[in-house]
Each structure stands twice: as C-alpha cells, then as structure tokens.
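Report on one structure; see the data block that follows.
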Amino acid sequence: MKISLNWLQDYIDLSGISADEICRAITLLGFEVEQVIRTGAPELKNVVVGEILTRGKHPNADKLSVCTVDVGPEHGGVRTIVCGAPNCDAGNRVPVALPGAIMPGNFEIKLSKIRGQESQGMMCSAKELTISDEAQGLLILADRPAIGTPINQVLPPGDTVLDIEITPNRPDCLSHIGIARELSAWFKKELRYPAVKFEPAHATEARPDLLKSVRVTAPEECPLYTATVITGVKIAPSPAWLQERLRAIGQRPINNVVDISNYVLHEYGQPTHAFDAKKIGGSEIIVRLAAESEKIVTLDGKERTLASNMLVIADAQKSLVVAGVMGGENSGVDDTTTDLVLEVAYFKRQSVRATSRKLGLSSDSSYRYERGVDPHSLEEAGRRAIDLILEIAGGKVAGFTQRIGADVPWQREIVVTPGFINEKLGFTIPEADMKAAFEALELTIVREEPTESRGPAWTVSIPSWRDDLDRPIDLVEEVLRVYGTEKIPASRVLAPGLVGDDDAVVVFNRRVADALVGQRFHECVNYTLRSVRELQAAATPETLSSLALANPFVEDQSHLRPTLVTGLLDTLKLNQSRGVAASRLFETGRIFLERGDQLVECVAVAFVIAENADKRSWLKRELADFYTAKNLVGTLAAAAGIDLSRQPLVAVNDINAFGWQAGHSALAGDIKYGWTTRFGLLDLAAVKAAGVEGKVYAGQFAILPEKLTSAETRRRYQPFSLFPAALRDLALVVDEALPAADVQKTLAKIARAAVGNAFALEGVGVFDVYRGKGLPEGKKSLAFSFTFRAADRTLTDDEVNAVFNKIQDELTKSTPYQIRK
Amino acid sequence: MQDQLSALLAKAQSEFPSLKTRPEFEAAKARFVGPNGELTGLMKQMGSVPKEQKPALGKLINEAKAQLQAHIDATLRRIEAAELQAQLGPAIDPSLPSPDPDFGTYHPLTLVREEMCRILRKVGFTVVEGPEVETEYYCFDALNTPADHPARDAQDTFYLPTNARFGNISKKTPDEKYLLRTHTSSVQIRTMLKGEPPIRIVSPGRVYRRDTTDATHSANFHQLECLYVDKNVTVRDLKALLDYIFASLLGKETKTRFRTHYFGYTEPSFEVDLSAKHLPKVNKEWIEIGGCGMVDPTVFADVGYDPEVWTGYAFGMGLERLAMLLYGIDDIRYFYQNDLRFLRQFA
C-alpha cells in the first residue's frame, strides 16, 4: 500500500521529521516499508535559474549550440555553456547546473570541453531534474523567476511515497488516516480527522425517479448497505491537487467522481462506489447473490462468470457490480453522468475474499474488504465522499441516504493491569508510559480500579477499527509497540536444566553424514518433489500414482520421492554437463515408500559412486565395485543399530529392478518390518537414460523414523583366548548359483558340531572363489578358511586334524558339496 | 688344530662378505656351524685331545666360534637390510597429486543447521524432528490459523489427494487432508501433545511452499524453530535468546532488533532484524532474519496446557537465508544444484 507523506500531513503535523525517521517509526510500529519513492526534484545545490543571452552554432558539431547564459553575479555572471537541446533560444530562463552540482544519479557537473569548446555548466531538462519524464528539451521556466535563484525555490516541492506492507491483522492501517493514527502515537502528535460537513438536513427532496428502492436479499453477506442520490453533478477532470495525490500513490486519475471515490478509499480505507443513476434499470438496487453462471463484464473489459455464492449489486434486470470487488462496465460514471447513486457498504470479508479468489480478480476495494473494513467508520467516510463530490463536482444530495441493515453492534472492553503487562514483558514500563500509549492509540481507559498487587485494573475501551484486540495479552503488544521494542533490556539466557536427548532421527542423520563425509563423500541436497519422467524407472505405475500431489505447481515437481538415488543421478548429470568431476555423493532426507496399501514417510540415506571416465590419473586405483557399496551400506545400517552381516541379502535378478542392475545389485530388509536397503550397480540403461555417463554404484538405506531409538544397550566385554589359533583350509565345488553365505553357514554349523565342547571354532571365512578350467560347467569352487582356538591351551595338530576330518566326513555325507582335493 | 681353526676363520673372513642372498647365507652358515659343519667337526675332535691341552684348545675353539658368529650376524644384518631395500621402488616425488578423492564435505545447509543446533544445545534446547507430510490440524488448526487464511489455500500449500493414506503420520480427525508442511511449527504441536511442560526444543527441517523457484524462492526450503515452554517466560527472555544466538553465530558486534509483527500462533509477535555489517555482501543496516513471539494462549489451550500457568516463546528462521547471509551466497538455487565447485567450498 502506498502512502504519500505530503498527504499524511493533512492529518498529522510531520514538519521537521525526516522521511527516514518516519520510515523507522513505521517499521518499529510493525509495518514493513518495502520501498521509498521520492518524487519531484531532490535537494540540488549549485543549480540555479539562468537566462540564455545568446545562442550560436558550435564550430565542430551540427547539433550543438554554444550559448552565453547569465546565472547572476554571485554565481559567476555570464557563462559559456554548450547545449544540445533544440530549445536553448536566447531569452529563455532555464535551470542551470553549475560546476560542483551533484545531479540525480550522482553525477557531478564539471568544467569540460565538448568538441573543443569549453562549457561552464549544463542547462537542464525536466527529466534531468527528475521532476518528469520530459527529456525533449530544456525545462523552460515560463514564470521567469529571478536570475540566480536556487532551483529548489522555483520547482514544486517533491513528495516521498512509502510502499508499506500491512500485516493482515491491521486492516485499519490500509489508509492514510490509519497510518497517521499510528504515527501520532509514535511521535506524540495530535491526529486531525478531516472536517466532515455534510448533514442529512442539507439534503433536497428525494428523487424516487432516480432511485426507487434498495433491497438486500443477502443480509449475511451484506450486513449494511447505504445509497445516496446526488443530482446535478458535472463530470470533469479532477482538480490538480487531487490528481497529484492519486498519481503520487500510483493511481491514474479518471474523472472527478471516480477520483473522489478512490481518494476516500485511500484516506479512510472505506471503499465506495458511484453508479450513474440513469443506468440503474428500474431505478432499483438489489443486493443479492448471483445466479449460477450469471455473466458480468467488469470494468477491466473482461467477461466474468459468477457463481451462486457471489454477492452482486444488481438492478431490476442485471447485475451491475461484483460486490466489493469491481464495478461493471456499463453502470459506472462517465462524462455524460449528471445524477449518481453513491454506495457505501459493509460486505463480509469472507464473502468478498471467496469471490475475489474464485474470480482471480483483486482490487484496492476487495483487498480492504477481504481484510475487514470497519462498519462504524462507514458513515463518516460516506459523508466525506459526499462533501468532496459537492465541492468538486457540484450537485445536491437528493433525499435521505437509504440505509439497509442494522447497525453492526460494537462494544469491547478489556481489563488489564500494569502488573500483567510487566510480567509478560519481563521488565517494567512506567504506568504513565502505558497510559500514554493507550491514549495515543485511542484505546480509552474508561475505568480504573485498584488491585491488590498488580497496580490499577484498567478497563480499556477498544475502538471499532481495532477488532484485532481481544484479550489482555493483545494490549501487551500495543504498549510495547508504542513504548519501543528497542528498549527491551538486554539479559542473559536463563537455561534451567531441561536437557534431553536429541531425536534418534537427528542422531542417525549425523552418524551417517559423519561416516560418509569421513569416506570422502560430498553431501548433496535435492528437491523432495520429482517428475514422473525421472521416477518412472524407480517405481511401479501404481506406486507412482499414489505419490502424486493433488496440486503440483510445476510439471517436473509433481511427485513425492520414493528414492534419493534419482536426485543424486541428477546431480551427477549436472556436474558432468558442466565439466565438473563428481564421483562420490550422498544425501540424507525423507522418502516415501509403499507399505501395503499405504505410504510411509521414511528416513533415508543414499550414496552414489560414479566412474569418472574422463578423469585421468598418473596412478591407477581400483574402481569401486558391488562390495564397496555393500560395505558402505553396512556402515549406514549399523548407524541405525542394524547388523547387516546378520541379515539375509537377496540378489536382485529381476530385469525390472527399479533402477538397479539385475545380477549386480542386492537388497535386504523390507519396509514391512521397518527398514529396507538396496545397493550395488545401478541399471546401466536407467543411468544412461538419466543422462549420466559411466557406471554408477549406489546404496540406499531407509528406515521408519519410529524404528530409530536413541537408547543403546551397553556392551559387555567378552573374554578372549591368549593361545595361538590353528588354521585349516578347505575348497568346495558347488553349484554356480549357490550363495557363498549359504555354504558358509552350513560349514559353520557342521564345524561347530564337530568341535563340540573340546575347543572353539572361531570363524569360517571364504577366501577364494574360482570358476573355469578344471571345474565342470555350472560349478564354482569356494575356498574356506577355518580358525580353531582353545581358551586354555595351545591346540595340538592331532586334535585339530581329528575335527577337520570329521568335518569333511560330515560334508561328504550330508551335503552335495564336493571337496576339492 | 690351531692351524685348522686359523684356516677356518680365514676362509670365513673371505667367504661371508661376498654372500648376496639368503639361501647362499644359509648354505654357508651350515657349512661352518651346522651339525655337519667344519667347526662342529673340529669340536668333535676335542675328545681325542690330551687332557692337559684341553683348556687352551677349548678357549681357542670358543674364540673361533665367537668370531664365526660375528661374521654370521654381520652378514645376516647386511642381507636383511638389502632385502628391505629391495622392497622399495624408486624414490617418490612428493609433489605428485594423490589419485584418491581428497576430502568429503557437508552441505552448507547441514553446516548451518548443526551450528545452530550446537549453539542452542548449550542453552538447553533438544533437537527434535517431525514428519514432512502433515495434516491440516498440526500445520494450521493447532496454530490458530483461521479457516479462511490464505496460507491454507491450494494456491500456496501442496496437498495430497484426499484418498492418500500415510501409515505413520497420525491425523487428528479422520477427514482432514494431508499436506506438505509449510513450516516446522507443526513439530512444536506434536511435541507439546506428546510431552509435558517444561519443554525446550529446536526443530530443524524441510518445509514446502507452492512458489515459483527463483534466486530467493524454492519449492522446498529449510527452517529451524525453537520452542520454550515454562512458567514466567517473558519477552525479555526471548530477546535474550535471540541476542545470544546471533552473537554466538556472527560475533559480539552483531545486534538484533525486534519489530512487532503478526503471526497467528504468537502474541506479541515480532520480526527479528540483524545488524551485521561485517558480513560479506551486507549493505543494509538491518536484515530481516526470522520471526518470533510469545506463544499465544490459544495455542496452549488447544494442546491442553493451562494458559494461566504456562508461558513460552517460539522463534523460527529460514536456514537457506541464514546460510546465504553467512557465506555471502546470492542465489538459493545453488543449494539444490550441488555443483561440486560449490559444495567443495564448504570443506
């Protein structure tokens, strides 16, 4: 909302207060000054009135003139100035910027040579003085002010216009009077309301031929409607002062009546509307809900289709105005209007807001109704509009104002004590300052009664425009605002011991980030909302449809992410396309997975390791592989308290594996049981389709946040043997497809049985995998190493061999594995 | 025998220094001192030596034995040293770059979040998290947002379809809609409903607005909110917290300023400005950094805390905005592009 400081001066004396101080006051009172616009000429030193004495041609440039200009004896008398303007004719008085003048745009005038000709200053156009956009020629000072007069004394004074954002709780400040009221409280200056002169007694005889009746059939949406007939007006352009004010706040002057309506809106915050009485069919105004699909062409020339919950002002035949939002094209005042009907009404904010939203149509009027206008200021604003119309456009009020609807009742009192206010603030504001703040805001203390310990109990009467004040706590803010938030005393943070543990999710995220950064990964942050195109490979069509938002904003951010991996691929793509080497990336964040027929929000972490085909190195390193990813995923699972080595891993062999490469990736867990992980090589085709070059290994671990717990069981120490271990190796020929872990498990079981209680099998681990020469088709050889150890002695070869033989016998007997000799 | 010993020592003297490998060494050692070695042979002759000569001869043999051992030890040391030397390649060039990845990095948003959490933990705040998919109750109703408030509009807030079901996000009423939370304040409500006062929490997290992405707006961004509920919490306490946070974060010369403002869930409400001209790319006297206020009694009543007893404050800010200010970043989109040239700057 734009506020002109010149205009404000009508209601409050701000002389001697700079625009900066006013901005600061408005800011601290709780409104944001978004922009400060200065109009007119700024303070210009060394710019004076001069008279052109002679004009000659520039010897070296066709379009330039060389003039002699008298700027007065105190500014150096007659000067020679080179000028490019067409109108630098002798005899003209013009603004002359002398050397040393700083012009708008911070450009300094200096003695200079223009095409070899000395120039001792610059004659100025209106644009150069920033008083208008006129740049065609010099500003001719037709009033012929005295030569040598400082230019600011000649030019009209400028204005400062503030663009202020008003918080939604303060619709009363959407006007010049509203802002003036706030400033009067801040600067402790008197607030002067406009003198309203019109009295109903001044009206002439009623004109039922112009307005027969006013009916309101939707009193819920329109609790109060007033209409006043004014006859014999003359529509003309507004006087200069009115046009200037409207222009200052960015409004285009149209004609006197429309401008007055606009003026009163920005003065009081109360919208009004003037109808041409002749255009009201049947001389009847009906405030009603629109018929479904009723059409109206609004002032902006667009046809609008209305719905049955929208309020309109209509005549006997058609709707004239979308109530509180915008007038119709054919009912407004035009140059031929002589009689008009002035509407001043109170429409319910919810109604105007819904209509404005639905039509996608907003206006200064709807903006104010939506936020709430004060029905109790309605009458005064109406009379102010009538005053201005009679004064500027002439005419007479015919008959009484028709008033439909009851008074909207208003009475509100809040009881508050200084003790309460100080308690909430945590410091003491003197009672006198509190009282002064209330008075300045027209919050009248109507009663004062003593209390036991909290000072006097003030009963504060709340004015009708302050619907936002409802409880004692609301008055705390009012006092503090006016007293000054800058006076809140500094103090230390008091922190009684309430320390709990950080959320388990937070702890998990920290752990995995620390682990991966320690493994030299770079943390990334990608958007949660992804495109269908990107997710196609990562989820089934059914899952995808359940991840869709009801109202996406843009097409490529339409779905919740079921994985972090596609985002990381996107990051790889971006870096590759920019020629930046990127290989090890990770992200933590929420993902959304299907569990049965529901979605669940999961905590997730994912990483990628990309081959950098382009990146050459003087020393070769082994690239990452599936087992690199497996190892990292193990670290991530461990951060959630899950030991992946104890979990069954499933090799992924489906061709359609949601972006993971069949035969080269695996999964473990299931979100049904609270967590899930996938890792290995990303599907080569999917990676290529994502625009990423080279192979990418990846891993993702996801867990339900409620499965994460911060309570850890304390570990117990296990004693270990100080005697040497005995090792035995065994190679087995098994089916190609058989997982090594299955064989290992069988071996461990058999070995443990064979060892019995004699000593301990410390471990069985695979140390070699062989395929090819010497083995039948479809078979592979797995070599295992057994570690035996006793707690109390060094094992002898004999006892170990006995056990080892027993193991081999058992293997031959009970498994299909072949011992490779 | 004396001559034999002398000859043996002379032979050792000439042979051992020329030995190059461990097998040569082992063979030589066996020849001299092994069970069938020459010294052993001589020692076996001791039995046939006359008794009176035995002490002198024994002494000689011992001396010879010691000398041989010295040869053996010296040779072994020499060969071992040579073996170790052989394990080395050519000398390194320390100026060549390592081919391994040089370092990992935390995302700047993580760095800023963690720094804020550390600062707040020092004064007793615990870090909490909550779901990003929320319901109308937790995101709006419980925060005293009027039913027709624009923030609820489908124009400003992302909604899930009415048939969406989330297994681990509780609803207050069965027919309320799921949405993507527009602020982390919903976590405050969940925490207050779950726990009991006093409460002192900080909730960082991702939030969503239906907004055009540009240099300062993003469809999702991150917030951090503090909530403190206790008896007799005052505006002055709130100001003290803000002063503390920003002095810790930006240095003691940093000033904060409160401007009264309007939020539905606090009363009084303030916007917080920072004066920190020493930061890069700061050319305004005051920069808006967040919003705060005293928890509105309505909010307390709604979560079942007696507003006559409990008081509190809340403070919230955008993490991107803070990170931009701290690091002098001028485009919010850089956080989401993850260009390595950007990320590597925050090692």
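Look at (1) in contact with a helix residue (DSSP H, G or I) (Cβ under 7 Å, 6 or more places away or on another chain); (2) crowded, with 18+ Cβ neighbours inside 10 Å; (3) within 14 Å of chain B (Cβ to nearest Cβ) and you find that A:GLU477 fails only one, number (1). Would you point out the residue of the stretch A:561-592, among those that are of a type in the set (A, V, I, L, M) and open to solvent by 30 Å² or more (accessible area, probe 1.4 Å), that is modelled with the highest pLDDT? By that ranking, first place goes to A:LEU574. Please verify whether B:ARG257 is facing chain A (nearest Cβ under 10 Å), open to solvent by 20 Å² or more (accessible area, probe 1.4 Å) and either touching a Pro at 6+ places or on another chain (Cβ under 6 Å) or not in a helix (DSSP H, G or I) (or both), treating the condition exactly as stated. It is true that B:ARG257 is facing chain A (nearest Cβ under 10 Å), open to solvent by 20 Å² or more (accessible area, probe 1.4 Å) and either touching a Pro at 6+ places or on another chain (Cβ under 6 Å) or not in a helix (DSSP H, G or I) (or both).
Considering each of A:PRO194, A:PRO253, A:PRO208 in turn, give the residue that is open to solvent by 10 Å² or more (accessible area, probe 1.4 Å), under 24 Å from A:VAL312 (Cα atoms) and either assigned to a loop (DSSP other than H, G, I, E, B) or touching a Cys at 6+ places or on another chain (Cβ under 9 Å) (or both). Give the steps one after another, and end with the answer.
On the way: A:PRO194 fails: under 24 Å from A:VAL312 (Cα atoms); A:PRO253 fails: under 24 Å from A:VAL312 (Cα atoms).
The conditions single out A:PRO208.
Farther than 26 Å from A:ASN106 by Cα, surrounded by 19 or more Cβ atoms within 10 Å (Cβ to Cβ) and either among the β-branched types (Val, Ile, Thr) or more than 14 Å from chain B (Cβ to nearest Cβ) (or both), is that true of A:LEU8? Spelling it out, A:LEU8 is indeed farther than 26 Å from A:ASN106 by Cα, surrounded by 19 or more Cβ atoms within 10 Å (Cβ to Cβ) and either among the β-branched types (Val, Ile, Thr) or more than 14 Å from chain B (Cβ to nearest Cβ) (or both). As an exercise: evaluate A:LEU44 against (1) modelled with pLDDT of 90 or more; (2) part of a loop (DSSP other than H, G, I, E, B) and give the number of the one condition it does not meet. Of everything listed in (1) modelled with pLDDT of 90 or more; (2) part of a loop (DSSP other than H, G, I, E, B), A:LEU44 misses just condition (1).
Could you check the stretch B:140-190 and list, in sequence order, the residues that are assigned to a helix (DSSP H, G or I), open to solvent by less than 40 Å² (accessible area, probe 1.4 Å) and over 21 Å from A:VAL506 (Cβ atoms)? Show your work before the answer.
Let us first name the residues in the stretch B:140-190 that are assigned to a helix (DSSP H, G or I), namely B:141-143, B:150-152, B:185-190.
Then keep just the ones that are open to solvent by less than 40 Å² (accessible area, probe 1.4 Å); that gives B:142-143, B:151-152, B:185-189.
Within the stretch B:140-190, B:ALA142, B:LEU143, B:ALA151, B:ARG152 meet the criteria.
Of all residues in the stretch A:121-163, those being under 20 Å from A:ALA90 (Cα atoms) and assigned to a loop (DSSP other than H, G, I, E, B) number 17.
Quick one: is B:VAL33 aliphatic (A, V, I, L, M), open to solvent by 50 Å² or more (accessible area, probe 1.4 Å) and touching a helix residue (DSSP H, G or I) at 6+ places or on another chain (Cβ under 6 Å)?
In short, yes.
Among the residues of the stretch A:378-427, those identified as hydrophobic (A, V, I, L, M, F, W, C) and closer than 30 Å to A:ILE488 by Cα are A:ILE414, A:VAL415, A:VAL416, A:PHE420, A:ILE421, A:LEU425, A:PHE427.
Is it the case that some residue within the stretch A:144-163 is closer than 30 Å to A:SER366 by Cα and open to solvent by 50 Å² or more (accessible area, probe 1.4 Å)? If you could, list the steps in order and put the result at the bottom.
Applying the first criterion (closer than 30 Å to A:SER366 by Cα) to the stretch A:144-163 yields A:159-163.
Filter again for open to solvent by 50 Å² or more (accessible area, probe 1.4 Å), leaving none.
No, the conditions are met nowhere in the stretch A:144-163.
The single condition among (1) within 7 Å of chain A (Cβ to nearest Cβ); (2) more than 30 Å from the chain's Cα centre (by Cα); (3) at pLDDT 95 or above that B:ALA240 does not satisfy is (2). Every test in (1) modelled with pLDDT under 95; (2) assigned to a strand (DSSP E or B); (3) closer than 21 Å to A:ARG530 by Cα is passed by A:ALA686 save one, and that test is (2).
Any chance the stretch A:508-531 includes a residue that's in contact with a Leu (Cβ under 9 Å, 6 or more places away or on another chain), free of Cβ contacts under 8 Å to residues at least 60 places away in the same chain and either over 30 Å from B:ILE201 (Cβ atoms) or at the interface with chain B (Cβ under 9 Å from one of its Cβ atoms) (or both)?
Step one: filter the stretch A:508-531 for residues in contact with a Leu (Cβ under 9 Å, 6 or more places away or on another chain), giving A:508, A:511-512, A:515-516, A:519, A:521-526, A:528-530.
Adding the requirement that they be free of Cβ contacts under 8 Å to residues at least 60 places away in the same chain leaves A:529-530.
From what's left, either over 30 Å from B:ILE201 (Cβ atoms) or at the interface with chain B (Cβ under 9 Å from one of its Cβ atoms) (or both): A:529-530.
Yes, that holds for at least one residue.
Residue pairs whose Cβ atoms lie under 8 Å apart, sitting 6 or more positions apart in sequence or on different chains, and linking a residue in the stretch A:141-156 that is under 13 Å from A:VAL96 (Cβ atoms) to a partner that is open to solvent by less than 60 Å² (accessible area, probe 1.4 Å) and among the acidic types (Asp, Glu), are A:ILE147/A:GLU51; A:ILE147/A:ASP70.
Scanning the stretch B:77-104 for residues that are exposed (fewer than 10 other Cβ atoms within 10 Å of the Cβ) and either assigned to a helix (DSSP H, G or I) or more than 14 Å from every other protein chain (Cβ to nearest Cβ) (or both) yields B:LEU84, B:GLN85, B:ALA86, B:GLN87, B:LEU88, B:ALA91.
This table checks each residue for (1) open to solvent by less than 20 Å² (accessible area, probe 1.4 Å); (2) over 29 Å from A:SER175 (Cβ atoms).
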{"residue": "A:HIS273", "(1), (2)": "no, no"}
{"residue": "A:THR305", "(1), (2)": "no, yes"}
{"residue": "A:ALA314", "(1), (2)": "yes, no"}
{"residue": "A:SER319", "(1), (2)": "yes, no"}
{"residue": "A:GLY327", "(1), (2)": "yes, no"}
{"residue": "A:ASN330", "(1), (2)": "no, yes"}
{"residue": "A:THR337", "(1), (2)": "yes, no"}
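When you scan the stretch B:105-120, do you find a residue that is part of a loop (DSSP other than H, G, I, E, B) and either away from chain A (no Cβ under 13 Å) or closer than 30 Å to B:PHE246 by Cα (or both), even just one? Reasoning before the result, please.
As a first pass, look at the stretch B:105-120 and keep what is part of a loop (DSSP other than H, G, I, E, B): B:106-107.
Narrowing further to those that are either away from chain A (no Cβ under 13 Å) or closer than 30 Å to B:PHE246 by Cα (or both): B:106-107.
Within the stretch B:105-120, one or more residues are part of a loop (DSSP other than H, G, I, E, B) and either away from chain A (no Cβ under 13 Å) or closer than 30 Å to B:PHE246 by Cα (or both).
Taking the numbered list (1) under 30 Å from A:LEU494 (Cβ atoms); (2) within 14 Å of chain B (Cβ to nearest Cβ) in turn, A:ASP470 passes all entries but (1).
The values are calculated or read from the model by the stated rules, or taken from the named source; none is laboratory data. What you are looking at is a predicted structure, and each value in this text was computed from that prediction instead of being measured. Because the Cβ atoms are built from the backbone with ideal geometry, glycine has one as well, and the counts that use them run over all protein chains shown. Ligands, DNA and RNA are stripped out before the accessible areas are found, and what is left, the full protein with its side chains, is counted by its heavy atoms. Shrake-Rupley method; radii C 1.70, N 1.55, O 1.52, S 1.80 Å.
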